[in-house]
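Everything on this sheet refers to the single structure shown next.
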Amino acid sequence: MNQQTGTRSDAKFRAVLFDLDGTLVDSLADIANSANAVLVAMGFAPHSVESYRAFVGEGVAVLFQRALPETAREEATLTACLTRMREEYGRRWNETTRPYHGIMEVVASFRSRGIRLAVLSNKPHRFSCQCVDTFFPPGTFDLVLGQRDDVPRKPDAAGAMEIRAAFGLDASDCLFVGDSAVDILTARNARMSSVGVTWGFRSREELQQSGADYIIDCPEELLAIVAGASSPC
């Protein structure tokens with residue numbers, strides 16, 4: 001695929017919204033190890049790191065609804081897990097987490113060409129900002145939004161529309177990039193075009209079935225999509 005890049009005047013998209021975990025950074029092991037520490041401390045069996053590919057993506061509460069035994073998913077247990085997870089993840093969140101190969105170069109290219117950049121994640125807001133601030137140079141992203149108590153989580157369109165409004169753009173100007181059906185549905189609900197990435201936590205089949213407009217195997221392919229040099233699926 002030709003990797004053409006666009007300027008502010010000729011790019012097909014004027015803003016790119018990124019999911020965080022599984023899209024910008026590979027954080028699966030740190031999430032899994034933190035959650036397993038919580039489970040073991042509360043007397044439950046841990047899971048393999050690979051199992052967490054199916055647990056993550058819809059927020060910490062949903063993660064534990066999936067990780068806990070069916071007989072132990074009452075509200076009090078979930079609340080205790082969430083409290084412990086904040087502590088465990090606060091200690092472990094950057095032990096192995098790193099940006100995916102090629103991501104830094106691509107976002108730097110967008111930044112140099114005047115493309116607006118944002119992160120929208122179901123990771124708690126504090127950890128989302130901490131992760132971005134740690135792994136990306138200051139000013140890389142115009143806006144970073146994690147999960148906040150007063151805003152519905154993805155796939156609700158609220159966060160994506162908040163970013164669109166902050167940028168003063170139409171939905172058609174925005175491209176949403178993520179690794180799961182949750183991200184593709186978020187884009188659809190916000191009436192944005194979507195890119196599914198295969199290097200993340202979920203499968204190509206999930207991205208296809210969720211109706212991603214584009215599916216890519218490496219970050220560099222985003223350059224051609226934003227420039228309008230790549231056709232949808």
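The values are calculated or read from the model by the stated rules, or taken from the named source; none is laboratory data. Quick caveat, the model's predicted, so the values are computed rather than measured. Methodologically, a virtual Cβ is constructed for each residue, glycine included, from the backbone with ideal geometry; neighbour enumeration extends over all protein chains shown.
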Among the residues of region 220-233, the number that are touching a strand residue (DSSP E or B) at 6+ places or on another chain (Cβ under 8 Å) and either assigned to a loop (DSSP other than H, G, I, E, B) or of a type in the set (Gly, Ala, Ser) (or both) is 3
Complete set of residues in region 95-138 that are farther than 23 Å from Val56 by Cα and either basic (Lys, Arg) or at pLDDT below 95 (or both): Arg111, Arg113, Arg116
Return the residue satisfying two criteria in turn: it lies in region 182-219 and is assigned to a strand (DSSP E or B) and hydroxyl-bearing (Ser, Thr, Tyr), and of such residues it is surrounded by the most Cβ atoms within 10 Å (Cβ to Cβ). Ser194
Considering region 92-106 alone, what residues qualify as being within 16 Å of Val177 (Cα to Cα) and touching a Phe, Trp or Tyr at 6+ places or on another chain (Cβ under 7 Å)? Pro99, Tyr100
Helices (runs of 4 or more DSSP H) lying entirely in region 66-169 (those with 3 or more residues that are in contact with a strand residue (DSSP E or B) (Cβ under 8 Å, 6 or more places away or on another chain), free of Cβ contacts under 8 Å to residues at least 24 places away in the same chain and not polar (S, T, N, Q)): 125-135
Considering only residues that are on the phi > 0 side of the Ramachandran plot and out of contact with any helix residue (DSSP H, G or I) (no Cβ under 7 Å at 6 or more places or on another chain), look in region 31-81 and name the one that is surrounded by the fewest Cβ atoms within 10 Å (Cβ to Cβ). Gly43
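Yes or no, residue by residue, for (1) within 15 Å of the chain's Cα centre (by Cα); (2) buried (at least 21 other Cβ atoms within 10 Å of the Cβ); (3) within 19 Å of Leu222 (Cβ to Cβ):
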| position | (1), (2), (3) |
| --- | --- |
| Arg98 | yes, no, yes |
| Gln147 | yes, yes, no |
| Ser172 | no, no, yes |
| Ser180 | yes, yes, yes |
